[in-house]
Amino acid sequence: MAASKSKKSAAPAKSAAAAKASAAAPAAKPAKPLNPRAAIIAALNAAYWMEIETTLNYIANSINLDGVRAEEIKKSLLMDIPVEIGHAQTLGKRIKELGGKVQGSAAFTPGQARLQPPRSSTDVTAVIRGVIEAEDAAIAQYNLTIRLCEGIDYVTQDTCIRLLAEEETHCQEFHSFLKEYQKKG
Ligand SMILES: [Fe+2]
Ligand SMILES: [Fe+2]
């Protein structure tokens, strides 16, 4: 069977001069800004994937860590896993209620470089630091979403405030772990 010829559309080269020209030309359409609801759904989607990735990395680290010093951290991660899954489910339900769609794994792009299992399975402080960074990222994402919702969607805002409070508790817990583990050296 003969393969049909695929037409390659030549992408316009973007130079500074071209960008300047296109800014002046009415024919060059700027990227369409998201309407408020679409922007909120996009923010919820980003938070959803953060929760899923956090869950994956908490599972891995709660299994991989070794040693007496790791026990407390493993226990804490194990307790957080169902909480983070619950967060993802809450976000997914709200995405659907707003007319969006919860995506499958093909849409996933990892972003938690610091929460990858460390080379040494006894490097507990590396995991604690990774958890703090992941929780900080979730806190920032919920704060952003809360601001996006202001005056537009108080139900989503209320949901995100609740999730934000839980992430702040997690983050504080791991900050106190970090103090203790740094003291132990
Ligand atoms: Fe979470
Ligand atoms: Fe959390």
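Couple of notes before you dig in:
- ILE95 vs. criteria surrounded by fewer than 20 Cβ atoms within 10 Å (Cβ to Cβ) and either more than 13 Å from ligand 1 (Cβ to nearest atom) or β-branched (Val, Ile, Thr) (or both): no
- Residue identified as of a type in the set (A, V, I, L, M, F, W, C) and within 16 Å of ligand 2 (Cβ to nearest atom) among ALA43, ALA39, ALA60, ALA70: ALA60
- Selection from the stretch 118-137 of residues that are more than 14 Å from ligand 1 (Cβ to nearest atom) and of a type in the set (Gly, Ala, Ser): SER120, SER121, ALA126, GLY130
- Some residue of the stretch 160-174 being touching a residue at least 24 places away in the same chain (Cβ under 8 Å) and over 17 Å from the mean Cα position of the chain (by Cα): yes
- Residue in the stretch 101-114 that is part of a helix (DSSP H, G or I), within 14 Å of ligand 2 (Cβ to nearest atom) and either of a type in the set (Ser, Thr, Tyr) or surrounded by 14 or more Cβ atoms within 10 Å (Cβ to Cβ) (or both) present: no
- Annotation: of all residues in the stretch 53-73 being surrounded by 19 or more Cβ atoms within 10 Å (Cβ to Cβ) and of a type outside the set (Ser, Thr, Tyr), the one that is farthest from ILE128 (Cα to Cα) is GLU53.
- ALA88 being small (Gly, Ala, Ser) and either touching a residue at least 60 places away in the same chain (Cβ under 8 Å) or under 20 Å from GLU166 (Cα atoms) (or both): yes
- Given (1) touching a helix residue (DSSP H, G or I) at 6+ places or on another chain (Cβ under 8 Å); (2) more than 24 Å from ASN35 (Cα to Cα); (3) exposed (fewer than 13 other Cβ atoms within 10 Å of the Cβ), number of the condition LYS179 does not satisfy: (1)
- Residues in the stretch 149-157 include none that are surrounded by 15 or more Cβ atoms within 10 Å (Cβ to Cβ), within 12 Å of ligand 2 (Cβ to nearest atom) and among the acidic types (Asp, Glu).
- Residue check, GLU180 among the acidic types (Asp, Glu), part of a helix (DSSP H, G or I) and in contact (Cβ under 8 Å) with a residue 12 or more places away in the chain: no
Here, each number is a calculation from the coordinates, and none is a lab measurement. If you're wondering where the values come from, they're calculated on a predicted model, not measured in any experiment. When we count neighbours, we look across all protein chains shown, and the Cβ atoms used for this are built from the backbone with ideal geometry, even at glycine.
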